[in-house]
Amino acid sequence: MIQKDSAMKLPVLFLGHGSPMNAVRDTPYSRNWRRLGQALRQRYGGEIRAVLAVSAHWCTDGTAVTAMPKPRTIHDFGGFPQELFDVRYPAPGSPELAAEIRSLLGGHAVAADFGWGLDHGTWGVLCHVFPEADIPVVQLSLNVNLDAPAHFALARRLAPLREQGVLIVGSGDIVHNLRLMDRRAPDEAGSAYEWAESARSLVNGWLENGDTQALTDEAAYPPALHLAAPTPEHWWPLLYAAGAAGADEPLQIFNDDIVGKSLSMTSVVFGHDALFEAV
């Protein structure tokens, strides 16, 4: 079990990961992830003992947590350049943290997984945030049988980890509609579909106002948000980040662009309103 030896509470991150190519390209988004990582190192140093990542790219029947000491780098995509498949992110795992998570979630059955690893939703951002790959990383899966309030409630139970040296990172996209993406300019920021811009602005407002009721009330989601998240797996990691954070905590929104008209890069630091200077 990870022992608490400090009252310091770590922030919570939600990172809009976008295209896997952000892992190997020098973009405004990857530059900001690097700046964020540098700021975390400077402010917290050795206080960050491990990362708990919740990625849009690990959906399971039931909840699972990676429990192997050396998670593999998973290249869960196709049609990209070889340089992306060549990437390895050799961060250690943490069976100790996996056991702590299973204990924290108590009556909620959580399986110890030894076959998954780190998918690109996790390593694609952490390779910039912590390029040294020296901090242990554990992934928690997205249980496809849970609704938004249940995911949020699960995240609330993980919040104590923040005071035990665990950095909780959700990796997804608030707006993620690849079917309607402008394939002629998939990486171009700027002119988004009206519904995509509406969804981005609406969710940003909920986050800034600490409106967790609106964030989790699926029955009341407007049509724009249903278009922004036609399937929920890229939306759910935001609920884990917001759930692990308090509704009254300050936050910093950055990388707040929509690319290809229907894919948002919006990222959030919960717990600080100016942790680092974004480009």
If Ile258 passes every condition in (1) buried (at least 23 other Cβ atoms within 10 Å of the Cβ); (2) within 30 Å of Val166 (Cβ to Cβ) but one, which one does it miss? (2)
Would you mention how many residues in the stretch 49-69 are in a loop (DSSP other than H, G, I, E, B) and small (Gly, Ala, Ser)? 3
Filter result (crowded, with 20+ Cβ neighbours inside 10 Å, assigned to a helix (DSSP H, G or I) and touching a Gly at 6+ places or on another chain (Cβ under 7 Å)) within the stretch 155-172: Ala155
In this structure, is Ala91 at pLDDT 95 or above, of a type outside the set (Lys, Arg), part of a loop (DSSP other than H, G, I, E, B) and touching a strand residue (DSSP E or B) at 6+ places or on another chain (Cβ under 6 Å)? yes
Restricted to the stretch 199-222, and to residues that are over 18 Å from the mean Cα position of the chain (by Cα) and not small (Gly, Ala, Ser), which residue is farthest from Leu239 (Cα to Cα)? Pro222
Among the listed residues Ala224, Ala214, which satisfies the condition of being of a type in the set (A, V, I, L, M, F, W, C), assigned to a helix (DSSP H, G or I) and within 16 Å of Pro149 (Cα to Cα)? Ala214
Can you confirm whether the stretch 141-151 contains a residue that is over 22 Å from Ala229 (Cα atoms) and assigned to a loop (DSSP other than H, G, I, E, B)? no
In the stretch 51-87, how many residues are out of contact with any Gly (no Cβ under 9 Å at 6 or more places or on another chain), farther than 18 Å from Phe130 by Cα and either among the basic types (Lys, Arg) or crowded, with 19+ Cβ neighbours inside 10 Å (or both)? 3
Condition first: part of a loop (DSSP other than H, G, I, E, B) and either buried (at least 17 other Cβ atoms within 10 Å of the Cβ) or touching a residue at least 40 places away in the same chain (Cβ under 8 Å) (or both). Now tell me which residues in the stretch 116-134 satisfy that. Trp116, Gly117, Asp119, Phe130, Pro131, Ala133, Asp134
If Val169 satisfies every condition in (1) free of Cβ contacts under 8 Å to residues at least 24 places away in the same chain; (2) hydrophobic (A, V, I, L, M, F, W, C); (3) within 26 Å of Glu96 (Cβ to Cβ) but one, which is the exception? (1)
Just to be sure I understand, how many residues within the stretch 70-87 are acidic (Asp, Glu) and in a helix (DSSP H, G or I)? 1
When you look at Leu36, is it more than 23 Å from Trp235 (Cα to Cα), modelled with pLDDT of 95 or more, of a type in the set (A, V, I, L, M, F, W, C) and surrounded by 21 or more Cβ atoms within 10 Å (Cβ to Cβ), yes or no? no
In the stretch 14-36, residues that are in contact with a helix residue (DSSP H, G or I) (Cβ under 6 Å, 6 or more places away or on another chain), of a type outside the set (A, V, I, L, M) and under 22 Å from Asn204 (Cα atoms) total 5
Can we say Pro90 is of a type outside the set (A, V, I, L, M, F, W, C), surrounded by 23 or more Cβ atoms within 10 Å (Cβ to Cβ) and either touching a residue at least 24 places away in the same chain (Cβ under 8 Å) or more than 20 Å from Ile253 (Cα to Cα) (or both)? no
Has the stretch 142-158 got any residue that is modelled with pLDDT of 95 or more, aromatic (Phe, Trp, Tyr) and either within 26 Å of Asp26 (Cα to Cα) or in contact with a strand residue (DSSP E or B) (Cβ under 7 Å, 6 or more places away or on another chain) (or both)? no
Determine, yes or no, whether Asn204 is in contact with a strand residue (DSSP E or B) (Cβ under 8 Å, 6 or more places away or on another chain) and within 30 Å of Lys9 (Cβ to Cβ). yes
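In the list Glu208, Glu194, which residue meets the criterion of being touching a residue at least 40 places away in the same chain (Cβ under 8 Å) and not aromatic (Phe, Trp, Tyr)?
It is Glu208.
The values are calculated or read from the model by the stated rules, or taken from the named source; none is laboratory data. Keep in mind it's a predicted model, so treat the numbers as computed, not measured. For neighbour counting, all protein chains shown are included, and Cβ atoms are generated from backbone atoms with ideal geometry for every residue, glycine included.
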